[in-house]
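Working notes, structure below.
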Protein chains: 2
Amino acid sequence: MTTTAIISSDRVNGTNVYARDGEKIGHIDHLMIDKSSGRVPYAVRHFGGFLGLGEEEYPVPWEKLTYDTAKDGYVTDITREQVEGAPRSDKDWHGNRDYEQRLHDHYLVNPYWM
Amino acid sequence: MTTTAIISSDRVNGTNVYARDGEKIGHIDHLMIDKSSGRVPYAVRHFGGFLGLGEEEYPVPWEKLTYDTAKDGYVTDITREQVEGAPRSDKDWHGNRDYEQRLHDHYLVNPYWM
């Protein structure tokens, strides 16, 4: 069997995400694609609604995820508390550079557009 | 309205592809993702089965597609004849470097893994 890291975008959805200690902490709901460059700046995780106000998206910068072939999943050093403490998104966050900047600051990574 | 090029991977599927002369020549069926790097090496187009032998995948190197915001679609200089003359894929082409090399040679682009 060949060892390949190329799969259909559909099949990334649902891939598990693990903490450094091996605990499963969630899964990827879908990816965001930069239509121009063909880069994937974010993986998005969904959680239940906050205080019953409906569902929110929790985008995580792609570079915080490392693919682990043995686990067939992504490992991250992001904690649940970090995700829960991240700047709140809304439906229109795509391309809201102010929000995106705060998100990258929160996760201490350089913006993908720099 | 903000001009953003970031959208959900689900929504890239179905995006139209146009020739340089503006003719619609197909649409994107799905994307391939490099699970490690978060790059998109290919967009895949489906056509009907060839001689009734079933459906084949027609992967096209991403860099041959240019996103056109006015069209909300991709423009390419690849012709239908080029796609039809491309090396034949099979179900197991993902990670078949020999096939991928021939595909990139066919489209005169440098392999994404170089």
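The values are calculated or read from the model by the stated rules, or taken from the named source; none is laboratory data. Predicted, not measured: the structure shown is a model, and the values here were computed from it. Using ideal geometry, Cβ is built from the backbone for each residue, glycine included, and neighbour counts are taken over all protein chains shown. Heads up: the accessible areas ignore ligands, DNA and RNA and are worked out on the full protein's heavy atoms, side chains in. Shrake-Rupley method; radii C 1.70, N 1.55, O 1.52, S 1.80 Å.
Quick notes on this structure:
- Note on segment A:1-17: among residues that are more than 12 Å from chain B (Cβ to nearest Cβ) and surrounded by fewer than 19 Cβ atoms within 10 Å (Cβ to Cβ), the one that is modelled with the highest pLDDT is A:Asn16.
- Restricting segment B:66-105 to residues that are more than 14 Å from chain A (Cβ to nearest Cβ) and among the charged types (D, E, K, R), the residue that is surrounded by the most Cβ atoms within 10 Å (Cβ to Cβ) is B:Arg102.
- Only residues that are in contact with a Gly (Cβ under 7 Å, 6 or more places away or on another chain) and open to solvent by 60 Å² or more (accessible area, probe 1.4 Å) were counted across segment B:19-48, and they come to 2.
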